[in-house]
Amino acid sequence: MKLYYTNTSPFARIVRLAILELGIADRLEMAIADPWTEESGLYRVNPLEKVPALELDDGRILVDSLTIAEYLDRTLGGNRLLPVDPEGWVAERRLAALGHGITEAGVARLIERLRRPEPYRWAGWDARQKAKMVRTLDLLEGEAAGFAGTDPSLGRIALAAALGYMDFRFADDAWRDGRPRLAEWYEAMSARPAMQQTMPG
């Protein structure tokens, strides 16, 4: 299998974290592919021209970071990141989706700022996406006891990638302010070797 990624993609970081935490890095080939340049040839592999993209041994392509991470967990990881019981699955997948949603809103803001020509930028769009992030962070601050600890799981990985992306791209948002439990959890989670090895930049 072959994973296409970039070092700065928070979505790709979810998969890279999963690979490291599962200890399966030797089972995959890794290839950097910039989705913003045709020279990378990513569109030939993934018609959506997005990372991450996982090319399976039979040539099929999996897209979407949570889907890829779950597939790797099921096929190579022994179901260590996502519980198989329905209640555990719902709780973990919900946390992963919330973290993923924070990242989606952040990427939408970044594209508006960096990719759209300045005369066409819409401040209301940035404000709307930021509000989504703030509401979700506030929700997770109130639920922090439910995902306490740093044992790797799909939800914790997705949330850690989202918070790391906020530090990387939106440091001025000061997401830690007023969210001490979430900040404390992230500080502990960030100390994991996999987190250190996948810092964006």
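Derivation of every value follows stated rules applied to the coordinates shown; laboratory data play no part. All values derive from a computational prediction rather than experimental measurement. Backbone-built Cβ (ideal geometry, glycine too); neighbour counts: all protein chains shown.
A Cβ distance below 7 Å, combined with a sequence gap of six or more or placement on separate chains, defines the contacts here; from segment 127-138, residues that are buried (at least 17 other Cβ atoms within 10 Å of the Cβ) reach residues that are not in a helix (DSSP H, G or I) in the pairs L137/W175; L137/R179. The criterion of at least 2 residues that are aliphatic (A, V, I, L, M) and in contact with a Lys or Arg (Cβ under 6 Å, 6 or more places away or on another chain) is met, among helices (runs of 4 or more DSSP H) falling completely within segment 59-172, by 86-114. V84 meets all of the listed conditions (1) closer than 28 Å to T150 by Cβ; (2) crowded, with 16+ Cβ neighbours inside 10 Å; (3) hydrophobic (A, V, I, L, M, F, W, C) but one, namely (2). Of everything in segment 97-126 that is within 18 Å of P200 (Cβ to Cβ) and hydrophobic (A, V, I, L, M, F, W, C), the residue that is surrounded by the most Cβ atoms within 10 Å (Cβ to Cβ) is I102.
I'd like the residue in segment 1-38 that is charged (D, E, K, R) and over 20 Å from E70 (Cα atoms) and, out of all such residues, is surrounded by the fewest Cβ atoms within 10 Å (Cβ to Cβ). Steps first, please.
Initially, segment 1-38 is screened for residues charged (D, E, K, R), giving 2, 13, 16, 21, 26-27, 29, 34, 38.
Add one more test, that the residue is over 20 Å from E70 (Cα atoms), and what stays is 34, 38.
Values: D34: 16, E38: 11.
Only one residue tops the list, namely E38.
Where the second residue is exposed (fewer than 13 other Cβ atoms within 10 Å of the Cβ) and of a type outside the set (G, A, S) and the first is at positive phi and lies in segment 41-66, which pairs have Cβ atoms under 9 Å and are six or more apart or on separate chains? From residues that are at positive phi, the pairs are E49/W36; E49/E38.
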